[in-house]
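Encoded as structure tokens, the structure appears first; notes follow it.
The values are calculated or read from the model by the stated rules, or taken from the named source; none is laboratory data. Keep in mind the model is a prediction, meaning the values are calculated, not measured. Here the Cβ is made from the backbone with ideal geometry for all residues, glycine too, and neighbour counts use every protein chain on show.
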């Protein structure tokens, strides 16, 4: 039996690694389990989306027709209006926007559509990173090249030391802002420098912006790669694609709805790929998505919930950990001062709290593994659970070892 030969290069997904790591750990039976390892939003979804999905008459009509891979005009126009209002960037709904089944699906498949498969081609990936980037590169026949986001550089990617021969071999660069797991926002100037490099060395940029609506400074929302592109005189966003989702913004991870926007020439080819791939967004998801992109109040409310939780848990954790406060997202990228996998095993055993070892989210480089001695804590549960989990983390830090 034969398979794609690149399958053998894939690593186990972090959650399977975590399951194996803790398989022989007996959690403290006196404490209920609080899971903080998975970045799955737990805030309630918008009621108006639930109402739309519950409309039997509309649903009967929607389920009786095949969806267009390109999505409906109504959805693409709603997305264009949101991009205009949020980023002050005008997009052509017919050529520069493509609905997708959430950013995970699109971030993977864009590499399959764009990579050449030529020997020696590379994909630049932030380190630590969302594991889809690496898998997409490997299954597209490319070699992942890791750009560390470590404490030494303020948890931001440092592109300055990358030699020209690496840039010349690069076909695609993934960036994530705000970053998963670091929460760092990539400055506009750094994004513009990357765009300049993309034109000089002939590669594409895939900007994962799915955490863009979760931030803590209301006066300074995270910019988009399209902001950087337009401001530097690249109004057609050549070589630039952004990826957005309703999962985090609107607490709709089960809807599997997002979009890709930017370079119309790239999207034209990507649409053809998706037509063969057969991944059109269902009509009832499209209608619900258009409603969600058209409403901002629920997003403001959602953001305030996270801000309140971060304020509460940070006050509890700060006396016991060197706390790196993120610019956005819903993670603490927490330095723990010990081997991170052992930290996770002990924490589960003593406090019945699950967090993700940082080393599972990163890869070793010549400078070491930037995830080592860090854990990712996802503050997605309700306020009461988050406070209790923070108190348990504090108690764990105070326990002599």
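So, in the range 1-20, of the ones that are in contact with a helix residue (DSSP H, G or I) (Cβ under 7 Å, 6 or more places away or on another chain) and at pLDDT 95 or above, which residue ends up surrounded by the fewest Cβ atoms within 10 Å (Cβ to Cβ)?
Looking at residues that are in contact with a helix residue (DSSP H, G or I) (Cβ under 7 Å, 6 or more places away or on another chain) and at pLDDT 95 or above, I get 17.
Considering only the range 351-367, state which residues are free of Cβ contacts under 8 Å to residues at least 24 places away in the same chain and either in a loop (DSSP other than H, G, I, E, B) or farther than 26 Å from residue 26 by Cβ (or both).
364, 366
Could you say which residue among 23, 58, 52 is at pLDDT below 95, over 22 Å from the mean Cα position of the chain (by Cα) and either closer than 19 Å to residue 133 by Cβ or not assigned by TED's automatic domain parsing to the domain that holds residue 214 (or both)?
None of the others qualify; the one that does is 58.
Could you please give the count of residues in the range 195-225 that are in contact (Cβ under 8 Å) with a residue 60 or more places away in the chain, outside any loop (DSSP other than H, G, I, E, B) and farther than 15 Å from residue 170 by Cβ?
The number of residues fulfilling the criteria is 2.
Here are 187, 178: which of them is surrounded by fewer than 21 Cβ atoms within 10 Å (Cβ to Cβ) and in the same structural domain as residue 124 (by TED's automatic domain parsing)?
The unique qualifying residue is 187.
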